[in-house]
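Participant: Below you'll find the structure I mean.
The values are calculated or read from the model by the stated rules, or taken from the named source; none is laboratory data. Keep in mind the model is a prediction, meaning the values are calculated, not measured. As a convention, Cβ positions derive from the backbone with ideal geometry for all residues, glycine included, and neighbour counts pool all protein chains shown.
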Amino acid sequence: MTGLLRYLRRNLSLVVGSSLLLFLVAFIVIGHFIVDVEDARALSVRPLQPPSWRYPFGTDRQGRDLLAVMVAGTPLTLQIGFIAGILGVAIGTVLAFVAAYYRGWADTIIRGIADIGLTVPGLLVLIIIAVGIRGGLSVNQMALVVASLAWLNPTRTIRAQVLSLRERGYVEIARMSGMSGPAIIVLELMPNLLPYLAATLVNAVSSAILASIGLEVLGLGPIDAPTLGMTLYWVNFNAAMINGWWWWWLAPTVIIVLVFLGLFFVTVGLDEYANPRLRRSA
Amino acid sequence: MQMLAILKRCGVFVVIVWLAASLNFFLPKLSGQDPVRTKLLQQAQLGGYVQQGIDEMVKIYEVRFGLDRPLWQQYLSYLGDVVRGDFNFSIANYPRTVWDMISESIPWTVGLLGMTTLLSFVIGTILGALLAWPRAPRWMAWLMPPLWALHAIPFFLLGLILMYLLAFQVQWLPIFGGYSMGAVPSLSIAFVLDIIRHATLPALSIILVAVGGWALSMRGMMVTTMGEDYVVFAEGKGLKSLTIFSRYCLRNAILPQITALALALGQILSGAVLVEVIFGYPGIGTLLFQAIRENDHFLIQGIVFTVIVSLGLATLILDLVYPLLDPRISYRRT
């Protein structure tokens with residue numbers, strides 16, 4: 001326990017990042033006790049009220065209580081990010097191990113697809129997919145759409161890590177003592193990659209949230225769900241900025257900034273943990 | 001050997017173009033939508049009642065549009081159209097062609113993205129190099145935390161905040177559009193200044209975020225480079241600090257940055273689309289937003305294809321230029 005505390009004192013990014021995320025979780029949990037989440041639907045409260053004791057975050061033009069929208073919507077946005085991120089890293093890890101451990105034509109194909117896919121602007125491909133299956137996406141379908149590209153970056157970065165790991169002495173010894181390929185991957189390589197996989201996962205979650213918010217702002221999200229991105233879509237749709245309804249965009253903006261800052265600092269912290277050589281330069 | 005490598009790289013570009021075109025062709029087919037029937041039903045509803053012969057009408061139109069042919073024939077003729085740059089008519093703005101509308105908004109996006117990418121790359125790289133340099137002024141260390149924090153925020157969110165502060169509260173800069181309403185586009189100084197004033201906020205929201213990323217990666221590379229033996233040797237020779245900084249460290253550390261630039265272009269563009277939408281800037285992003293709102297499939301497909309191909313071209317050029325910058329990497333060895 002004291003060892004952990006001593007480590008955390010050195011790894012400030014991890015502390016800052018996880019506190020930000022814990023703060024958001026606390027906000028969601030406590031919020032569910034204080035606010036009636038049903039008020040996140042349109043026509044629940046008086047429209048366009050600036051922040052007051054009754055509505056601390058104000059209300060929007062369609063009569064949603066923005067505090068309720070934030071309490072109900074933040075977990076939905078995180079849900080999209082985590083589903084897409086976990087799927088992306090899972091697919092990416094499998095492909096990366098196949099490519100980097102067995103090399104050969106599998107490696108050529110997987111690396112080729114990942115390299116080409118990464119130079120293409122992801123948001124535009126997602127737009128084509130989302131337009132194709134138009135007509136009321138649900139939050140989970142949204143996550144699947146985002147996941148369809150979320151494996152590219154993990155594949156590339158994990159593959160590079162595995163390539164350097166597989167030449168290490170202990171892998172060589174395992175191979176010579178007759179261990180099978182899959183066993184080496186699971187028993188020898190995986191444990192050493194875990195901290196690195198965690199950093200990749202957080203990164204993937206962050207990109208997935210960014211992509212989902214992008215689609216939502218463009219109007220391709222789950223129209224009736226109160227996610228953070230959809231709230232910003234309504235902000236833009238109703239020209240809230242020019243009309244001076246500052247509280248409407250302030251709440252989602254602050255929360256999205258907190259989400260991204262939290263995830264970013266956790267990635268930096270995990271990177272440092274996974275890659276102690278960075279410590280000298282940091 | 002060198003020719004072969006270049007040809008291979010060009011082959012990758014052709015594959016990108018082909019994939020982008022195929023994506024456009026097959027994804028809408030997979031969704032099982034029937035555009036002819038939908039359109040005819042819409043027309044029929046406008047007329048008040050659905051006629052008896054709607055199935056026959058759908059058949060006739062499908063023959064007329066060539067939709068009765070086998071899929072592979074449709075696919076080939078579609079590829080032929082794409083190669084000739086024929087993206088069809090806009091559905092929502094008939095009789096304007098898709099290409100017409102895209103070519104009108106491309107200069108805006110290229111101008112905005114070109115300027116912001118160049119500026120943020122140069123500023124970020126120099127900043128990152130200085131941040132790693134032990135003899136840089138002390139106060140520079142204070143720049144790191146805000147740069148990091150800004151880097152984690154999406155472009156368009158910073159855009160919203162800047163828009164509120166600089167355009168709504170103090171009204172220094174225009175809030176919306178690419179030029180003032182009622183201004184006549186011309187090559188006069190007044191109009192150019194007007195364009196620059198309108199582009200400042202979108203550009204600022206991209207640059208402030210992007211600079212942090214370039215600074216971070218450059219700082220990492222500088223730290224590694226400064227540990228190299230030849231830098232220690234240069235110091236031992238008593239070379240001037242500035243020479244070591246610019247010729248020994250900076251020049252060597254900058255190369256991975258250029259590779260990263262080729263990879264980042266796609267992400268920058270994805271982010272810029274949303275910035276354009278927020279600011280109503282008359283570029284590709286806003287056009288795409290309109291197309292999505294109006295359900296204009298041909299326009300959406302045309303934009304996505306054009307953007308993917310132009311970015312593919314940009315990365316191709318960067319990749320071909322790279323060996324000229326770095327003699328260590330030549331196509332001969334790969």
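Participant: When you go through B:Ala314, B:Ala262 one by one, which is the residue that is within 11 Å of chain A (Cβ to nearest Cβ), surrounded by fewer than 24 Cβ atoms within 10 Å (Cβ to Cβ) and within 30 Å of B:Ala136 (Cα to Cα)? Break it down into steps so the answer makes sense when it comes.
Facilitator: Numbers: B:Ala314 fails: within 30 Å of B:Ala136 (Cα to Cα).
Going through B:Ala314, B:Ala262 in turn, the sole match is B:Ala262.
Participant: Could you tell me which of the residues B:Phe298, B:Phe279 is within 14 Å of another protein chain (Cβ to nearest Cβ), surrounded by 14 or more Cβ atoms within 10 Å (Cβ to Cβ) and touching a strand residue (DSSP E or B) at 6+ places or on another chain (Cβ under 8 Å)? Before you say what the answer is, go through the steps one by one.
Facilitator: Values: B:Phe279 fails: touching a strand residue (DSSP E or B) at 6+ places or on another chain (Cβ under 8 Å).
On inspection, the qualifying residue turns out to be B:Phe298.
Participant: Run down A:Ile209, A:Ile213, A:Ile173, A:Ile129 and say which single residue is free of Cβ contacts under 8 Å to residues at least 60 places away in the same chain and within 14 Å of chain B (Cβ to nearest Cβ).
Facilitator: Numbers: A:Ile209 fails: free of Cβ contacts under 8 Å to residues at least 60 places away in the same chain; A:Ile213 fails: free of Cβ contacts under 8 Å to residues at least 60 places away in the same chain; A:Ile173 fails: within 14 Å of chain B (Cβ to nearest Cβ).
Exactly one residue qualifies, and that residue is A:Ile129.
Participant: For B:Tyr61, only one of the following conditions fails: (1) modelled with pLDDT under 80; (2) assigned to a helix (DSSP H, G or I); (3) closer than 28 Å to A:Leu124 by Cα. What is its number?
Facilitator: (3)
Participant: Can you tell me which residue among B:Met144, B:Met181 is more than 13 Å from chain A (Cβ to nearest Cβ) and surrounded by fewer than 18 Cβ atoms within 10 Å (Cβ to Cβ)? First the steps, then the outcome.
Facilitator: Details: B:Met144 fails: more than 13 Å from chain A (Cβ to nearest Cβ).
Every option except B:Met181 fails the conditions.
Participant: It is to be established whether one or more residues within region B:235-253 are more than 10 Å from chain A (Cβ to nearest Cβ), closer than 30 Å to B:Phe156 by Cβ, touching a helix residue (DSSP H, G or I) at 6+ places or on another chain (Cβ under 7 Å) and not small (Gly, Ala, Ser).
Facilitator: Looking only at region B:235-253, we keep the residues that are more than 10 Å from chain A (Cβ to nearest Cβ), and these are B:235-253.
From what is left, the residues that are closer than 30 Å to B:Phe156 by Cβ are none.
Scanning region B:235-253, I find no residue that is more than 10 Å from chain A (Cβ to nearest Cβ), closer than 30 Å to B:Phe156 by Cβ, touching a helix residue (DSSP H, G or I) at 6+ places or on another chain (Cβ under 7 Å) and not small (Gly, Ala, Ser), so the answer is no.
Participant: Take the residues in region A:97-106 that are of a type outside the set (Ser, Thr, Tyr) and closer than 14 Å to A:Gly181 by Cβ; name whichever of them is nearest to the chain's Cα centre (by Cα).
Facilitator: Step one: filter region A:97-106 for residues of a type outside the set (Ser, Thr, Tyr), giving A:97-100, A:103-106.
Those left that are additionally closer than 14 Å to A:Gly181 by Cβ: A:97-100, A:103-104, A:106.
Values: A:Phe97: 22, A:Val98: 25, A:Ala99: 25, A:Ala100: 25, A:Arg103: 30, A:Gly104: 32, A:Ala106: 28 Å.
The extreme case among them is A:Phe97.
Participant: Here's another thing I want to ask about it. Having 3 or more residues that are farther than 28 Å from A:Leu215 by Cα is the bar; report the helices (runs of 4 or more DSSP H) wholly within region B:197-303 that clear it. Talk me through it step by step, then tell me what you get.
Facilitator: On the way: elements: B:229-237, B:255-279, B:284-293.
It comes to B:229-237, B:255-279.
Participant: Right, next: Does region B:116-136 contain any residue that is more than 28 Å from A:Ile213 (Cα to Cα), more than 14 Å from chain A (Cβ to nearest Cβ), at pLDDT below 85 and not in a loop (DSSP other than H, G, I, E, B)?
Facilitator: No; the residues of region B:116-136 include none that is more than 28 Å from A:Ile213 (Cα to Cα), more than 14 Å from chain A (Cβ to nearest Cβ), at pLDDT below 85 and not in a loop (DSSP other than H, G, I, E, B).
Participant: Name the single residue that is farthest from A:Gly214 (Cα to Cα) among those in region A:90-116 being at the interface with chain B (Cβ under 9 Å from one of its Cβ atoms) and of a type outside the set (Asp, Glu). Let's see the steps before the verdict.
Facilitator: In the first step, residues of region A:90-116 are kept if they are at the interface with chain B (Cβ under 9 Å from one of its Cβ atoms); the result is A:112, A:115-116.
Adding the requirement that they be of a type outside the set (Asp, Glu) leaves A:112, A:116.
Working: A:Gly112: 27, A:Ile116: 22 Å.
If we take residues in region A:90-116 being at the interface with chain B (Cβ under 9 Å from one of its Cβ atoms) and of a type outside the set (Asp, Glu), then A:Gly112 is farthest from A:Gly214 (Cα to Cα).
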